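Structure, as structure tokens:
The values are calculated or read from the model by the stated rules, or taken from the named source; none is laboratory data. Remember, predicted model here, so these are calculated numbers, not experimental data. Positions of Cβ are backbone-derived with ideal geometry, glycine not excepted, and every protein chain shown enters the neighbour counts.
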Amino acid sequence: MAFPGTLTSRVDKALADSAPLSAFVGAGDLAVEKLREARELDANELKELKEQAQAKLHAGMESLQSDFRLSPELVIDIPVRLQAAMRDMLSASSTTYDELVIRGRAFVAGMRPQPSAEQFTDSMSENDATDNPAE
């Protein structure tokens, strides 16, 4: 039984229509980019970044503790503040997901003109022609 279209065109359509797959590819591309950036940092820069993150976390915790000591009624508002924070995180995750989808689609589009991708596409087309002969 022959399927409509070549295997290559079906794969292209699946890639173009699949936001989760594009987001996955985009996340992988972003991870590789960040690993390359981290590899370029020397030990002193990494130590400085770690110390900055720890200092920021420590300052935030101290600020939170002092706010609660000065204003016990803030404790009552915790559920409302948590709900607002959750809404903000959901909004941010949706935006991030959309950005990863765009990044993934751009990555796949950038791969197509490369010779290795063209060789792969050609071999897929040859295999598809032998697997699905015209009826």
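Among the residues of this structure, Ser91 counts as one that is small (Gly, Ala, Ser), assigned to a helix (DSSP H, G or I) and at pLDDT 85 or above. There is no residue in the stretch 8-21 that is more than 20 Å from Phe107 (Cα to Cα), surrounded by 11 or more Cβ atoms within 10 Å (Cβ to Cβ) and at pLDDT below 85.
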